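For reference, the structure discussed in these notes is given below.
Derivation of every value follows stated rules applied to the coordinates shown; laboratory data play no part. Keep in mind it's a predicted model, so treat the numbers as computed, not measured. Here the Cβ positions follow ideal geometry from the backbone for every residue, glycine too, while neighbour counts run over all protein chains shown.
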Amino acid sequence: MCYNYYGDSMKALITGASSGLGKDFTIKLSKMGYDVILVSRDEENLKSVASLCKTKTYIEPLDLSNIDNCKNLFNKYPNVDILINNAGFGLFGKFCDTNIDKEINMIDLNIKAVHMLTKLYLKQMMKKNSGKILNVASSAAFLPGPLMATYYSSKSYVLKLTLSIYEELRRSKSNVKVSVLCPGPVKTNFNNVAGVNFAVKGLSSNYVAKYTIKKMFKNKLIIIPGFINKISSIGCKILPVKLLARIDYNIQSRKEK
């Protein structure tokens, strides 16, 4: 593995790369010829993922909920061709009962880190008029989020941020492209961290990553893997918000471990 940042090859930076979607994004982009920069707190798992890659790998064991780490990451790797903001986690429970420290940490990672890295890399990409940014949101972004209020709200932020940037880029006729991934349940370690069991069977991480990368390279703005998830997203636009909140509460309540 290479731990130095040299050369003119195409590079992709993936956060949350130690497992799940981040791992699969990393391996697939490496197979496509991209050198990959792997970011996560779990150094051992990053090394394991790096061993599966076909191209140069750069390991950065960082906690991106610390904004200084986001700045340092950009300063070390200012020129990338693809940025995937995948790092994030959830927390289950009534808003009055959940741990405030965990929620603030979630906001720092799910919102502040995504915002910071998107802005820093977008400005750099716009200078060279090329590059792609994929922000990982969730089908939760379309819904109220009773019993997972902070997580749902954070993903709604990611969705709205990406949509706003898209329109700004479109009007400036920029070649920089942004996409937002809004999957339903995916079989990853998310469940264990959030303390939930999904009531609906999740899609495989490998399938979601493959589908997402394909759509990202076609410059798809909102990427929703799975037929049922696509139908659900349409329903979210039609049904009254109070009814959606009731439905979502009933679905969420069946997730509790």
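When restricted to Cα atoms, segment 11-253 yields an Rg and a Dmax of 17.2, 50 Å, respectively. Specify the angular offset, from 0 to 90 degrees and rounded to the nearest 10, of the alpha carbon long axis of helix 114-128 from the longest principal axis of the alpha carbons in the chain. Tilt of helix 114-128: around 40 degrees. Charged neighbours of T212, selected by a Cβ distance under 10 Å, balance to +4 (K, R count +1; D, E count -1).
Ordered by the number of other Cβ atoms lying within 10 Å of each residue's own Cβ, fewest first, K127, K220, K177 fall into the sequence K127, K220, K177. Take 209-215, 223-229, 244-250, 153-159 and order them by the average number of nearby Cβ atoms within 10 Å per residue, most first; the result is 153-159, 209-215, 223-229, 244-250. Counting beta carbons within 10 Å around each of D81, D42, D24 and listing the fewest first gives the order D42, D81, D24.
Relative to the dominant Cα principal axis of the chain, helix 241-253 is inclined by about 80°.
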